[in-house]
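The values are calculated or read from the model by the stated rules, or taken from the named source; none is laboratory data. Bear in mind that the values here come from a model prediction, so they are computed numbers and not experimental data. Using ideal geometry, Cβ is built from the backbone for each residue, glycine included, and neighbour counts are taken over all protein chains shown.
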Ligand SMILES: [Zn+2]
Ligand SMILES: [Zn+2]
């Protein structure tokens with residue numbers, strides 16, 4: 001059954017926005033709890049406030065006009081008008097400025113917050129995954145009172161200052177006459193009750209700070225800035241409320257040889273000039289694989305990139321390995337003895353057709369890329 005929102009405010013179905021507003025304001029003056037403490041009046045005040053909330057919202061009013069009830073679909077069904085209660089403050093703020101609707105005391109037992117911990121890992125640890133002991137400093141459940149906050153068999157009592165409402169009110173003048181504005185009670189902190197004989201260990205908070213060692217499993221393939229979540233290892237809440245989560249954030253240390261780009265790794269291999277010309281095999285101490293042989297083909301040019309498939313980092317989820325990109329640097333000998341010079345002179349005579357060549361820095365050379373394109377290769381890893 002759809003509620004008769006128009007009937008509650010005493011307006012016709014064709015009522016304009018301002019007519020609805022006027023009707024609500026008129027009723028609110030009579031029924032506001034601070035003016036009329038009568039219980040029936042309070043119930044009606046809730047009803048008209050919900051009706052106003054619905055009819056002042058074009059989208060909700062459209063649903064009403066189609067014969068539906070916008071609050072039924074919002075999950076308020078079966079709750080009478082209480083489902084709309086949360087919206088009461090909004091309606092009031094729109095009208096009179098400043099929240100005046102009472103929201104009642106907050107719970108003494110509330111969920112705890114998450115905590116964050118940083119962990120520095122080197123590249124190998126990121127590649128293999130690692131289990132580490134860490135020291136966590138969070139609030140934990142008070143084992144003396146088990147979160148109750150009370151000493152022995154004592155119990156909390158209703159707060160005198162706010163009478164259990166969790167908030168204290170001050171009177172303000174407005175068009176309603178006297179209107180109360182509420183703020184959290186300074187004595188009970190909004191809970192509505194106080195503990196006269198608090199637990200000797202936690203002072204009534206239900207939790208204490210504690211340092212503990214926990215073991216954290218970091219999966220293979222993690223990277224800088226990634227977070228591992230440990231459910232319910234964060235701060236225990238006030239009153240022993242459920243603990244938040246603990247996040248361990250990975251900080252990857254720079255590696256001496258490899259630079260990481262996602263799952264790919266990059267390194268530089270400096271090759272003697274003669275090896276670049278004749279070809280050579282170079283041993284690289286790869287991540288996860290230990291020493292591997294990288295073949296430098298004969299005639300390799302400076303800046304060439306040799307890709308060794310499957311020797312990069314494992315992918316975090318799939319475990320599929322990225323690639324290793326070896327950037328070749330060619331070392332030209334600087335200290336030549338008499339024999340060396342003789343040999344190189346002979347080679348030069350034999351290869352008289354090899355002469356210096358001047359071209360644009362951006363042109364594509366025989367090596368498959370000028371200076372800038374090789375730079376791009378180096379920094380993008382492609
Ligand atoms: Zn305690
Ligand atoms: Zn209080």
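Taking the listed residues 317, 309, the one that is exposed (fewer than 11 other Cβ atoms within 10 Å of the Cβ) and modelled with pLDDT under 95 is 317, with no other qualifying. Here the condition is being touching a residue at least 24 places away in the same chain (Cβ under 8 Å) and outside any loop (DSSP other than H, G, I, E, B); of 339, 329, it holds for 329 alone. Number of residues in the range 46-59 that are under 34 Å from the mean Cα position of the chain (by Cα) and surrounded by 19 or more Cβ atoms within 10 Å (Cβ to Cβ) equals 1. In the range 140-177, of all residues being in a strand (DSSP E or B) and within 16 Å of ligand 2 (Cβ to nearest atom), the one that is surrounded by the fewest Cβ atoms within 10 Å (Cβ to Cβ) corresponds to 170.
Name every residue in the range 202-225 that is surrounded by fewer than 17 Cβ atoms within 10 Å (Cβ to Cβ) and either in a loop (DSSP other than H, G, I, E, B) or in contact with a helix residue (DSSP H, G or I) (Cβ under 6 Å, 6 or more places away or on another chain) (or both), in order of residue number. The answer is 203, 219, 220, 223, 224, 225.
Scan the range 250-307 for residues that are assigned to a helix (DSSP H, G or I) and either under 42 Å from the mean Cα position of the chain (by Cα) or free of Cβ contacts under 8 Å to residues at least 24 places away in the same chain (or both) and report the count. Number satisfying all stated conditions: 4.
For the range 227-244, taking the residues that are closer than 16 Å to residue 119 by Cβ and buried (at least 17 other Cβ atoms within 10 Å of the Cβ), the one that is farthest from ligand 1 (Cβ to nearest atom) is identified as 230.
Checking the structure you have, find out if any residue of the range 186-198 is buried (at least 17 other Cβ atoms within 10 Å of the Cβ), within 25 Å of the chain's Cα centre (by Cα) and either within 16 Å of ligand 1 (Cβ to nearest atom) or part of a loop (DSSP other than H, G, I, E, B) (or both). No - not one qualifying residue is present in the range 186-198.
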